[in-house]
1. Considering each residue of segment 106-146, count those that are touching a helix residue (DSSP H, G or I) at 6+ places or on another chain (Cβ under 9 Å) and polar (S, T, N, Q), and give that number.
2. Using the structure shown, decide if residue 187 is of a type outside the set (A, V, I, L, M, F, W, C), surrounded by 23 or more Cβ atoms within 10 Å (Cβ to Cβ) and either touching a residue at least 40 places away in the same chain (Cβ under 8 Å) or more than 13 Å from residue 202 (Cβ to Cβ) (or both).
3. Within the set of pairs 6+ apart or on separate chains, which have a first residue in segment 114-138 that is part of a loop (DSSP other than H, G, I, E, B), a second that is among the charged types (D, E, K, R), and C-beta atoms under 7 Å apart?
4. Here's a check for you: in segment 231-244, which residue that is surrounded by 14 or more Cβ atoms within 10 Å (Cβ to Cβ) and of a type outside the set (Gly, Ala, Ser) is modelled with the lowest pLDDT?
5. For segment 113-128, give me the residue count where each residue is loosely packed, with under 14 Cβ neighbours inside 10 Å and not hydrophobic (A, V, I, L, M, F, W, C).
6. Scan segment 92-103 residue by residue and report those that are under 16 Å from the mean Cα position of the chain (by Cα) and under 17 Å from residue 261 (Cα atoms).
7. Could you tell me whether any residue of segment 209-224 is in the same structural domain as residue 134 (by TED's automatic domain parsing), at pLDDT 90 or above and more than 22 Å from the chain's Cα centre (by Cα)?
8. With the condition being modelled with pLDDT of 85 or more and in contact with a strand residue (DSSP E or B) (Cβ under 7 Å, 6 or more places away or on another chain), I'd like the helices (runs of 4 or more DSSP H) fully within segment 1-85 carrying at least 3 qualifying residues.
Amino acid sequence: MKLDYMKTVILNDPETKHLKLNDQEVLVVYQYLLQRDQNDSKSFKPKLKFKPYVQIVYEPTKEKVQQDLTKIIKRNLETFESDIYIAEATLKDFIISDDNHKKVVSYAEKTIKHKDKFMKGLYLYGANSTGKSFLLSGLANELTKLNVDVIFAFVPDLIRTLKGAISTNQLEHRINILKRTTVLILDDLGGENMSPWFRDEILLPVLHYRLNANLMVHISSNVSIVELAEVMRLYGEETTVRSMRIVKRIDELTKSFRFTKKFQND
């Protein structure tokens, strides 16, 4: 194929007509146009790159990125058998209905911006159906898109899964995942299925490790941090001391926001 024909094709294409190319670059750009127009892959698409030299690179499509994102989140959800996570949630979709919502979303965005530095996570508390799980799901999605390792765990499911892991010798492995993941999200902490075992053998060591390692934690609950201390105070003075140790670590790891309005996601 003649070089003049390739140059004509390049000059007539809106994407490449402004380029000033030598003969070798003309060959590359022409091949790019052919691949671009003939590409039917749902996974990757060709793109021109000009530094350090003109070349064709292949980038994942939006569908591929979303597919990979879904696989990562699904893998982590399956590890702890959580099914409350809202896959399509984003922070942009969170409907802001009062000043407190505005502050929460702003702070959540700040934690994303400073994902490589330690800062306090969110402690969201309030009644059911006020948007706590939706916001934390959106936050998990945003962080995963940035290649941050996130574990989203619905606490009632987490407790059941960890109990089941005892018989398969997987308990220590799963506890280590909770300890070491870059961002840990605990949804619905302080529910009716809290037990001394989970409180003392799982929750306290995980929070203690993450506090010392400067790893972010986000939590939702139906009760405030102060009320959580009472929820975790099960029997006797000894457990009161232990519950206060947990509450102190949660207070050091998170910043509290109260949710009061019913959440309606259009």
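1. 3
2. yes
3. Pairs found: 120/255; 129/262; 130/261; 130/262.
4. 239
5. 5
6. Listed by number, the residues that qualify are 93, 94.
7. So far as segment 209-224 goes, yes, one or more of its residues are in the same structural domain as residue 134 (by TED's automatic domain parsing), at pLDDT 90 or above and more than 22 Å from the chain's Cα centre (by Cα).
8. Fully inside segment 1-85 and qualifying: 23-38.
The values are calculated or read from the model by the stated rules, or taken from the named source; none is laboratory data. As the structure is a prediction and not an experimental result, all values here were calculated from the model. Methodologically, a virtual Cβ is constructed for each residue, glycine included, from the backbone with ideal geometry; neighbour enumeration extends over all protein chains shown.
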